[in-house]
Amino acid sequence: MKKAIYALHVFVVVCFLPCMPLGSESLSKYDNHIRCIEREKEALLVFKQGVENEHDHLHSWKETKDCYQWKGVGCDNRSGHTALTHLNLGHNHLNGPIANSFALLTALTNLDLSANQFIGELPKSIYNLSKLQIADFSSNNFTGNLEDLLSGHFALLQELSLNKNQLTGSIPDITLLSSLRELHVNSNQLNGYFLTVFKHHSVLQNLDLSTNHLRGSLPDFTGFSSLWSLNLYNNEISGSLPDFTGCTALQVLQLSKNQLTKWETRSTGLLSSLQELDLSMNSIRSTISEAHLFNLSKLWYIRTSSNSLTFEFSSEWLPPFQLWELSVASCKLGPKFPNWIRNQQHIDHLDISNGQISDNIPIWFGNLSSVMKLLNLSSNKIRGEFSFNFVHVEVIDLSSNYFNGPLPPISAACSKINLSQNKFSGTLVPFTTVEYFSLSFVDISHNQLFGELPDITKDFRLLAFLNLGYNNFSGRIPTSVGLLGSLQTLILRNNKLYGELPSSLRNCSNLGFVDFGFNKISGKIPSWIGKDLPQLYALILKSNRFNGSLPSGICHLLNLHFLDLSINRLSGTIPPCFGNLTAMTQKGTEVGEHHYLTNSSISSNRRDYYVDNVLARWKGQEFEYGRNFAYLKMIDLSTNELTGEIAIGMTRLLDLKGLNLSRNRFSGKIPLEIGQLKLLECLDLSTNEFSGEIPLSMSGLNFLAFLDLSNNNFSGKIPSGTQLQGFSISAYEENAGLCGKPLTSICPGDEPANRIQPSSSKYEVDGDDSEYERCLYISAVLGFSTTFWGIIGTLVLNHRWRHAYFQFLHNLKERFYVDMAVCIARLQMHI
């Protein structure tokens with residue numbers, strides 16, 4: 001027992017120990033023992049003596065006149081006998097259904113059964129607790145209908161919490177609960193509608209129905225004069241924002257992640273006490289003016305991101321509020337830079353990304369920097385130099401704009417930086433002169449930066465993502481890169497780097513994604529990659545100058561699911577151990593789907609993550625893969641000098657989606673086991689020296705959407721009756737020995753069966769096949785002409801026949817009309 005008895009379990013011990021075996025955890029077994037609680041003083045003395053005799057160290061109770069009180073238990077003796085008024089069994093491991101004997105606790109005013117493992121419906125006997133004022137049933141597995149539970153009961157109830165259960169139904173008429181101040185029913189399975197009588201409740205202060213499945217439109221809240229918090233987050237509510245006239249006490253309005261479509265009411269501008277307004281992640285398509293916000297002098301938070309709102313404010317308007325957070329991503333603020341935020345001196349979270357702003361960054365913007373911690377201006381068309389020194393900023397995202405000039409000064413407290421897809425120029429040297437102890441994410445790709453990559457002389461111990469791709473950096477990769485021990489993603493794609501890979505890179509043992517493509521890096525692919533970079537799941541060295549053979553160390557990369565070594569000078573054969581690449585051999589091994597920070601937009605108000613992006617040649621074209629990259633399992637060794645046969649081990653990569661071995665010098669036959677790659681979608685073996693027949697097992701590749709076997713030495717018949725014949729001729733051309741569809745060349749023994757063969761002199765035809773066919777066509781034309789003009793000519797020349805013919809057509813039309821009229825009449829009679 002010891003310390004656990006001093007917690008909320010103590011009530012179970014002191015009240016039930018004399019009546020039942022110690023250690024039982026289910027209140028459903030307490031039917032015969034709860035009666036002990038309602039006994040008078042003598043009964044409580046028995047509990048006291050029993051507990052004291054068995055556990056001398058229990059002294060958590062104390063005597064106050066005639067009432068003995070334990071932790072979690074409250075009593076009242078004003079009526080002349082001891083009655084239980086407070087019962088707290090929260091945060092235990094109690095399970096099973098609730099006992100009917102709870103009805104005996106008629107004096108109970110406070111009941112806490114939260115954070116247990118109760119199941120089933122609350123018993124109807126609980127309705128006898130007519131004095132109940134505060135009840136907490138949250139974090140259990142209670143079921144049942146909320147309307148049935150609350151309709152007409154608990155007249156004195158003031159606070160009710162049913163969070164995190166399995167309750168269903170609609171919202172009841174809470175006007176029947178005239179004393180109710182707080183109602184919390186979040187994270188349940190409520191799936192009904194708001195009742196039209198859900199209004200005119202002058203006492204209710206806090207209503208939380210978030211994370212349910214509530215549908216339909218919201219009723220007006222015109223009578224909720226005491227309501228200070230309304231939380232309907234994460235439901236399926238549609239329609240317009242309701243009327244909030246009279247809700248002068250409302251401080252928190254949380255309606256995010258629903259299906260609202262309109263914001264027409266201007267009653268929101270009258271909510272003089274409002275501090276937090278969250279309408280994000282809806283489908284609201286409306287125009288917002290000063291009237292919607294004009295009297296919100298206490299407003300601190302505005303969140304309307306992921307809507308189609310248009311903010312149309314006068315350029316001279318100064319809002320009456322001082323915001324801490326403004327998150328209006330994907331709302332139309334432009335084309336001019338929103339001048340109305342110029343007086344916001346306390347804002348520390350500003351997100352106006354994707355706001356259709358096409359303007360120069362104003363000079364006054366630097367005045368907001370004193371307390372700014374998060375700044376997101378991404379996905380606009382903002383121009384100019386960004387020279388403001390945000391000394392406290394922790395997250396900055398200026399990506400996808402037209403900023404130019406040198407890189408902006410960055411705070412030493414910054415942890416996430418995204419400056420990609422702009423026109424920044426200059427070198428990286430100033431960027432590395434500050435110690436960024438907390439820096440974890442850096443994306444400066446798609447700019448006009450140049451010069452050599454500087455040595456890392458400062459502490460970047462937390463840096464996990466570094467993208468310097470698509471710039472004009474030159475020189476060698478510095479050996480100091482080995483100091484980035486936490487690095488998970490390193491992208492240096494499309495620069496002018498040369499030299500060999502530094503051996504210090506092996507110290508970055510957490511690397512999972514490496515892209516050095518489109519540079520001039522040379523030397524051999526180091527053998528230590530497989531041993532020292534065990535977390536690697538994507539290795540891209542495309543379009544460089546690597547030479548030598550493929551190191552067998554790659555086979556140790558059990559997480560590797562994307563390998564692109566194309567357009568290099570690699571030679572030798574494919575190591576047989578390629579079949580050991582576990583991530584490509586079985587399903588359910590997707591890695592690299594997402595990480596802790598988003599690559600396109602960074603934010604601090606939700607869990608951050610980034611998504612890997614890769615450019616892959618797929619089905620003959622270049623495609624960029626982002627969120628679905630984790631499911632792209634592919635090997636591209638094209639455009640090298642590799643020789644030998646396809647390693648049998650590669651046919652064990654059962655989850656492989658794409659294989660490109662084109663433009664090499666591979667020879668031999670395609671392994672018969674290639675039919676095991678049932679999920680293969682793209683196969684390119686073109687421009688090699690393969691020979692032999694196309695294996696019949698390839699006909700079982702039902703997902704194969706792209707095939708190129710051209711420019712080889714294949715022979716024999718293309719397997720018939722399969723989808724292999726559905727590809728274009730270009731997939732098989734330049735293979736002199738191939739025949740069969742879709743090629744025009746006919747395989748031996750497959751001559752057309754309808755060719756006329758002479759059987760006797762009676763059916764002999766002089767001349768070759770072409771002469772016979774010409775005669776056949778002439779006969780057909782003559783036969784048709786004779787028949788046509790014979791009938792038409794007769795009708796033209798013979799008046800009687802012409803009259804009879806047209807009379808026949810007229811009668812046929814009349815009969816058809818009569819039959820249709822009769823059918824329609826019969827149908828109408830049946831209807």
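Restricting attention to the stretch 467-505, the residues being closer than 13 Å to residue 454 by Cβ, within 35 Å of the chain's Cα centre (by Cα) and in a strand (DSSP E or B) number 1.
Only residues that are at pLDDT 95 or above and either in a loop (DSSP other than H, G, I, E, B) or open to solvent by 10 Å² or more (accessible area, probe 1.4 Å) (or both) were counted in the stretch 633-642, giving 5. Just one of (1) at pLDDT below 95; (2) open to solvent by 40 Å² or more (accessible area, probe 1.4 Å) trips up residue 251, so point out which. Failed condition: (1).
Residue count for the stretch 669-689 satisfying the condition of being touching a Phe, Trp or Tyr at 6+ places or on another chain (Cβ under 6 Å) and open to solvent by less than 10 Å² (accessible area, probe 1.4 Å): 1.
If the Cβ limit is 7 Å and pairs must be 6+ apart or interchain, which residue in the stretch 650-671 that is within 17 Å of residue 699 (Cα to Cα) and charged (D, E, K, R) pairs with which residue that is assigned to a strand (DSSP E or B) and open to solvent by 10 Å² or more (accessible area, probe 1.4 Å)? Pairs that qualify, where the first residue is within 17 Å of residue 699 (Cα to Cα) and charged (D, E, K, R) and the partner is assigned to a strand (DSSP E or B) and open to solvent by 10 Å² or more (accessible area, probe 1.4 Å), are 669/691; 669/692. Those residues that are in a strand (DSSP E or B) and of a type in the set (Val, Ile, Thr), I need them from the stretch 540-584; list them, please. Within the stretch 540-584, 540 is the sole residue that qualifies. Among the residues of the stretch 296-313, the one identified as surrounded by fewer than 17 Cβ atoms within 10 Å (Cβ to Cβ), under 18 Å from residue 354 (Cα atoms) and either charged (D, E, K, R) or touching a Phe, Trp or Tyr at 6+ places or on another chain (Cβ under 7 Å) (or both) is 312.
Restricting 444, 382 to those that are without any contact (Cβ under 8 Å) to a residue 40 or more places away in the chain and either among the small types (Gly, Ala, Ser) or surrounded by 16 or more Cβ atoms within 10 Å (Cβ to Cβ) (or both) reduces the list to 444. Checked against (1) at pLDDT below 95; (2) over 30 Å from the mean Cα position of the chain (by Cα), residue 448 passes all but condition (1). Answer yes or no: is there a residue in the stretch 424-435 that is polar (S, T, N, Q), modelled with pLDDT of 90 or more and not in a strand (DSSP E or B). Scanning the stretch 424-435, I find at least one residue that is polar (S, T, N, Q), modelled with pLDDT of 90 or more and not in a strand (DSSP E or B), so the answer is yes. Any residue at all in the stretch 273-295 that is hydroxyl-bearing (Ser, Thr, Tyr), out of contact with any helix residue (DSSP H, G or I) (no Cβ under 7 Å at 6 or more places or on another chain), more than 29 Å from residue 214 (Cβ to Cβ) and open to solvent by less than 60 Å² (accessible area, probe 1.4 Å)? The answer is yes, given that some residue of the stretch 273-295 is hydroxyl-bearing (Ser, Thr, Tyr), out of contact with any helix residue (DSSP H, G or I) (no Cβ under 7 Å at 6 or more places or on another chain), more than 29 Å from residue 214 (Cβ to Cβ) and open to solvent by less than 60 Å² (accessible area, probe 1.4 Å).
Would you confirm whether any residue within the stretch 225-246 is in contact with a His (Cβ under 7 Å, 6 or more places away or on another chain) and over 17 Å from residue 320 (Cα atoms)? Within the stretch 225-246, one or more residues are in contact with a His (Cβ under 7 Å, 6 or more places away or on another chain) and over 17 Å from residue 320 (Cα atoms). Can you confirm whether the stretch 176-197 contains a residue that is closer than 17 Å to residue 127 by Cα, in contact with an Asp or Glu (Cβ under 7 Å, 6 or more places away or on another chain) and free of Cβ contacts under 8 Å to residues at least 60 places away in the same chain? No.
Selection of the stretch 319-337 for residues being in a strand (DSSP E or B) and among the charged types (D, E, K, R) yields 325, 332.
Taken residue by residue, the stretch 385-401 has at least one member that is touching a helix residue (DSSP H, G or I) at 6+ places or on another chain (Cβ under 8 Å), modelled with pLDDT of 90 or more and either open to solvent by less than 30 Å² (accessible area, probe 1.4 Å) or closer than 15 Å to residue 350 by Cβ (or both).
Looking only at residues of the stretch 117-139 that are more than 35 Å from the chain's Cα centre (by Cα) and among the β-branched types (Val, Ile, Thr), we find that the one that is nearest to residue 159 (Cα to Cα) is 134.
Residues that are open to solvent by 20 Å² or more (accessible area, probe 1.4 Å) and part of a loop (DSSP other than H, G, I, E, B) within the stretch 119-143 comprise 122, 130, 131, 133, 139, listed in sequence order. Out of 95, 116, 128, 141, one residue alone is in contact (Cβ under 8 Å) with a residue 40 or more places away in the chain and farther than 26 Å from residue 224 by Cβ. It is 95. Counting residues in the stretch 643-664 that are within 18 Å of residue 724 (Cβ to Cβ), part of a helix (DSSP H, G or I) and open to solvent by 10 Å² or more (accessible area, probe 1.4 Å) gives zero.
The values are calculated or read from the model by the stated rules, or taken from the named source; none is laboratory data. Everything quoted here is computed from the prediction, not taken from an experiment. Cβ: placed from backbone, ideal geometry, glycine included. Neighbour counts: every protein chain shown. Accessible surface areas use protein heavy atoms only, side chains included; no ligands, DNA or RNA. Shrake-Rupley method; radii C 1.70, N 1.55, O 1.52, S 1.80 Å.
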